[in-house]
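Read-outs: derived from the displayed coordinates by stated rules, not from any lab. None of the values given here were measured: they were computed from a predicted structure. Neighbour counts run over all protein chains shown; Cβ positions are idealised from the backbone, glycine included.
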Amino acid sequence: MTPDLVPAVDAAGLPGPVWLFQVLLVFTFFLHLLFVNITLGGSLLAWVAHLRSGGSASDPRGALAARLTAVNGYGISLTITTGVAPLLFIQTLYQQYFYSGTILVGGLWFGLLVLLLVGYYTAYLYKFRGAPAVGRGGGLWIGVSALSFLAIATIHVVVHLVHVQPAQWAAFEADPWVVLADPTFVPRLLHFVLAGLGFAAVIMVWWSVRAVERGADRQLEGAIARFGWTWALWTTVLQVVDGFVLLFVLPQPVLSGLMKGGAVTMVPLTLAILGAVGLLVMMARVSDPLAAKGTVTGTLGAMVLVIGVMTVTRHQIRVLYLAPTTDLGAFTVASQWLNIGLFVLLLVAALATVYLMVKRVLASPATGADAA
Amino acid sequence: MQYPIWDVTIGGGMLMAIVAITHVIVAHFAIGGGLVIAVSETLSVRRGDRDLRDLAKRSSLMLILVSTVFGAISGVGIWVVAGLISPGAISDLIHTYVWGWAIEWTFFVVEIVAALVYYTTWGKISKGAHLMVGWIYFVAAYLSLVVINGIITFMLTPGRWLETGQFWDGFFNPTYWPSLLLRTGLCAMMATAFMMFAVQRAAADARPRLIRYLGWWMVGGALVSYAGYRWWEASLPESVLALFRGDAPLLESLAATRSLTLWALAAALVLAAVLFVAVPRAGRTATAIVVAIAAFAFFGGYERLREGVRKPFLIHSHMFSNGLKVADIETVNAEGMVAHSGWVAARAGDGAIGIGEQIFRTQCASCHTLDGYQGIRSALPTVADMLAVADADTAAAAFAAECAACHRDDFTADDVGGMLPSVDDIRADPEMIRDLNHGMITATLARLRDLGDFYVDADRTTMIPTHEADIPYMPPFVGTDEDLEALASYLASLDAPPGAPGDRVAELGGER
């Protein structure tokens, strides 16, 4: 008889209803993904742009690399910050799978920390010692940074695939590398990377459009916008293809569950597919992004929405993978409503504080002796 | 105890100590730095003091590079390592305190955004707006400490939570306030330790004044920390104090750690008072490094002590350091490890030694490695050790070195010598130590299983008086007779076959 390797549900119980943790897990992971896309796609795009510029900050692509790195100074911090919450909630709901999965690839999972440090500090080295600061060079720094974040994305895909397939745990323990042979591995990783490249590219185009409105150099911004738009368009083309590949290489029970799940699963999936195709149509119609402010803004907004519904579908796929061994109803629920209320109150207060702080900062420009 | 095991060469506990201690040093700098920077900028604006303003600005870059990068990543690192080495414990903690961590996260969001805004808006926004951002940063950072302090202290002194299971009973536990005071002082100390390097780049004529200014922060922080430490120690129950205080502490290493911790604090205080406050011209990079080392030694020592005095628990009186819950002792003893854990059952095909190895990884590996930190193999006696105990001339010293750690209360050197074969018999048949080892291991494991009865019988609505236990700093062994024999067989098998590397008989050298 094959032993049951799935640990028992934690006897400590859930301090809140299952649905609440699911909502929080999906919502906070969605927020996290937005910054992941900026960090992963931004660093890869910055590396490509830097190489295409010949390592010179005076080339528009060099300026784009510098801009993406400046954004990543915030982006990486916020990626880590927003990543804490879904990490917390997945441990609450799926601790027996998540911990087992990470332990089975423990070296890789721990290596993620080292890669984060390397990726973050090399991004700063590029910013302070590379082309953005001294005009030329630094390709090695931004290259190492981009590859570090790519490796982190790969580790996340590995952990995801391991934790949702307890039937394979014995095989993973014997040889963790067999996860690379999973048919969904490559398309899933590509899904991450292409989303990051496309999103970061559109953000940069949107930035250029706004910069021109504020009087920036139209020629420079136009070159950056065209470069970004081309990347956004082609990565989205590939994303649509990859998305269908990923869908059809899912294990049969998962695919079947997704298709037969009724409105709950089909509405988000359909919206995601329609959204992606709609994005393609919108982007293909634009040849000069600076002259199509509305379409650029609409593309960015639509991309955020597509990421949102894809996050829901991703969660549903996890649920379907784990369905044979999971019963979330097995948890003893003892909701801590006072603490839940306190959390919601403080979350609102935190977001309001950030909003009011940024608003005050933006309304308080100063120079010379008046400045801080 | 139902999870797979991640093998770490240096030991999971040691890895956690490295990640956690580096994180807390940086994290406390992030909080204390926020306070000192905000106060410095406020004073600079009020007094028109350009030097203080420059100190705050330089320090804010350090805050970004050290705290929001390394601090944030190492903070995630604690989650990562805890999940890898103690999944059962972290799961239990999360299911109790998830809303505490979620609340801390809301402060963390504000803290990180404020830090980034603060650093990038120097010279670009009004002084008032910039000051506001700095103070928001500090308040958010300190509130995150206010929250996490409740969860950390809960693990050592769960207080009334043991009786009620209520979130706030565990949060505001007996060491909450002392620990908060201690950590508040530590924040100021860590801030000064880091900022003393930023001040070295100030103009030469301004440097002594700024060094004295920071010196006062260090002195104040050290005094507050000392008060907090004393209060913390006074709040600990007798069972915890018995591990490291008194004439005969149960764990000498922890008593030594306490001594080191307090001497390091005294050194930091005196050195800061002399080198920074009294003679600020002596406050150079080299002296700043010395004071920083003393401050870090104090902090690291305290953290080591706090973790160590929790032995044998991760959550005192509730969950042992290997993830075994006190409430599960009887269940596992009755059903056995094979039935309790799929990962142990998976080794059934490997025979008793295979099962024993998995039981070792499940029950022992959280504290013991094979050959590294607290290595178990080196605890197996060699023939030379046996000969030394059996020989009347060397018995007393050998007993003290090899046996007393476990048997000082139940045997004398003469007793053990009397139980062993004679020196001549051992010399004639050194292979016999394999059977002797197996027998001693089995007896020790049986004693550890009996230890479980102490915890089963204890009143679990209050902190268990561990100092009254047979072995106060180890979790009990749990499992059936078959499990016990399997583990004993595995441990005995660590004495490699004759002639192979690790053969304890071969280590006899010329005696064989």
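Over 24 Å between Cα atoms, which of A:K127/B:K57; A:K359/B:K127; A:K359/B:K124; A:K293/B:K127 qualify?
Details: A:K127/B:K57 19 Å; A:K359/B:K127 15 Å; A:K359/B:K124 14 Å; A:K293/B:K127 35 Å.
Flagged as over cut-off: A:K293/B:K127.
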Farthest towards the positive end of the dipole of chain B, among B:F167, B:G100, B:A27 and with Cβ unit charges of +1 on Lys and Arg and -1 on Asp and Glu, lies the Cα of B:A27
Here the residues of region B:365-409 lying in the modelled label zone of B:D424, meaning backbone nitrogen under 15 Å from a point 7 Å along Cα-to-Cβ, are B:391-392
By counting other Cβ atoms within 10 Å of each Cβ, how are A:T297, B:T466 ranked from fewest to most?
-> A:T297, B:T466
Share of Cα-Cα pairs in region B:254-294 lying beyond 13 Å, as whole percent = 52 percent
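Suppose R0 equals 25 Å. What FRET efficiency, 1/(1 + (r/R0)^6) with r the Cβ-Cβ distance, do B:L223 and B:D247 give to the nearest 0.05?
Working: r = 29 Å, r/R0 = 1.15.
Rounded to the nearest 0.05, the efficiency is 0.30.
Averaging sequence separations of C-alpha pairs under 8 Å and six or more residues apart, then dividing by the length of chain B, give the relative contact order as a whole percent. Before the final figure, lay out the partial values.
Numbers: 737 pairs, mean separation 85.0, N = 512.
About 17 percent, as a whole number.
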Average other protein chain Cβ within 10 Å of Cβ, residues A:350-357 = 6
Karplus-derived 3J(HN,Hα) from phi for region B:275-284 (6.51 cos²θ - 1.76 cosθ + 1.60, θ = phi - 60°), whole Hz, x at Gly and Pro, runs 7, 9, 8, 6, 10, x, 5, 7, x, 9
Highest first, please rank the peptides A:362-372, B:54-64 by the mean number of other Cβ atoms sitting within 10 Å of their residues.
-> B:54-64, A:362-372
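Stokes-Einstein D for region B:327-511 at 4 °C, 1.567 mPa s, Kirkwood Rh over Cα pairs, in µm²/s?
Details: Rh = 17.8 Å.
Estimated diffusion coefficient is 73 µm²/s.
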Given region B:256-411 reduced to its alpha-carbon atoms as identical point scatterers, what log10 I(q)/I(0) does the Debye formula return at q = 0.19 Å⁻¹?
-> -1.17
Report the calculated FRET efficiency for A:S287 and A:L255 (r = Cβ-Cβ distance, R0 = 30 Å), to the nearest 0.05.
-> 0.20
From phi via Karplus (6.51, -1.76, 1.60), per-residue ³J(HN,Hα) for region B:153-162 in Hz, x at Gly/Pro = 6, 4, 5, 8, 10, x, x, 6, 4, 4
Paired Rg and Dmax values of region B:1-160, which use every Cα atom, in angstrom = 18.4, 63
Output ³J(HN,Hα) for region A:92-100: one whole-Hz value per residue in order, computed from phi by the Karplus curve 6.51 cos²θ - 1.76 cosθ + 1.60 with θ = phi - 60°, and x for Gly and Pro.
-> 6, 8, 10, 4, 5, 8, 5, 5, 4
Distance from region A:315-372 to region B:316-375 (C-alpha centre basis), Å = 38 Å
Would you pull out the residues with amide H under 5 Å of B:F320's amide H, same chain only if 5 or more places away, H placed 1.01 Å from N?
-> B:L314, B:K325, B:V326
Could you give the size of the charge dipole of the protein assembly as shown about its Cα centre, using +1 on the Cβ of each K and R and -1 on the Cβ of each D and E, expressed in debye and rounded to the nearest 20?
-> 6400 debye
Inter-part distance where region B:1-44 and region A:43-92 are each reduced to a Cα centre, Å = 25 Å
Could you list B:T285, A:T325 in order of exposure, starting from the residue whose Cβ has the fewest other Cβ atoms within 10 Å?
-> B:T285, A:T325
Tensor-based shape of region B:12-320 (alpha-carbon gyration tensor, a/c under 1.5 rounded, otherwise prolate or oblate) | oblate
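Nothing charged except the Cβ atoms of Lys and Arg (+1) and of Asp and Glu (-1): what's the magnitude of the dipole of region B:12-320 about its Cα centre? Round to the nearest 20 debye. Don't skip to the end; give the middle numbers.
Numbers: 23 positive and 16 negative charges, 248 e Å.
Roughly 1200 debye, rounded to the nearest 20.
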Hull-based mean projected area of the protein assembly as shown, where the convex hull spans the alpha carbons, in square nanometres | 40.0 nm²
Taking 0.36 nm per intervening residue step and subtracting the Cα-Cα distance, what contour gain separates B:V146 from B:A339 on full extension?
-> 65.3 nm
Where the centroid of each part is defined by its Cα atoms, how far is region B:90-143 from region B:261-301 in Å?
-> 29 Å
Quantify how strongly other chains surround peptide A:111-122 by giving the mean number of their Cβ atoms within 10 Å of each of its Cβ atoms.
-> 3
Report the one residue of A:I224, A:V254, B:W232 whose Cα lies farthest in the direction of the positive end of the charge dipole of the protein assembly as shown (charges on C-beta: Lys and Arg +1, Asp and Glu -1; origin at the Cα centre).
-> A:I224
For the pair B:F411 and A:A216, the simple spin-label estimate (label points 7 Å beyond Cα toward Cβ) gives in nm 7.8 nm
May I have the pair-distance distribution P(r) for region B:179-265, computed from all Cα-Cα distances with 5 Å bins from 0 and rounded to whole percent?
-> 3, 14, 18, 18, 14, 11, 9, 6, 4, 3, 1
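Taking each residue of B:85-93 in turn, how many C-beta atoms of other protein chains fall within 10 Å of its C-beta, and what is the average? Walk me through the numbers before you get to the answer.
Working: counts 2, 1, 10, 5, 0, 3, 11, 4, 2.
What the average comes to for B:85-93 is 4.
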Of A:W177, B:W263, B:W343, how do they rank once you tally other Cβ atoms within 10 Å and put the fewest first?
-> A:W177, B:W263, B:W343
Under 5 Å from the placed amide H of A:V333, counting only residues 5+ away or on other chains, we find A:L14
1/(1 + (r/R0)^6) with r = Cβ-Cβ of B:D350 and B:A404, R0 = 35 Å, i.e. FRET efficiency to nearest 0.05, evaluates to 0.45
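Shape verdict for region B:106-191, please, from the Cα gyration tensor: rounded (a/c under 1.5), prolate (a/b greater than b/c) or oblate.
The shape class here is prolate.
Rounded, prolate or oblate: which fits region B:396-495, taking a ≥ b ≥ c as square roots of the Cα gyration tensor eigenvalues, rounded meaning a/c under 1.5, else prolate when a/b beats b/c? Write down the numbers at each step before the final one.
Numbers: a/c = 3.37, a/b = 1.63, b/c = 2.07.
Judged from the Cα gyration tensor, region B:396-495 comes out oblate (a/c at least 1.5, b/c at or above a/b).
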List the lysines whose Cα lies under 24 Å from the Cα of B:K325, skipping any in the same chain that are fewer than 8 positions away.
-> B:K311
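Any idea what the relative contact order of region A:18-341 is, in percent, if you count C-alpha pairs under 8 Å spaced at least 6 apart? Don't skip to the end; give the middle numbers.
Details: 418 pairs, mean separation 63.7, N = 324.
Across region A:18-341, relative contact order equals 20 percent.
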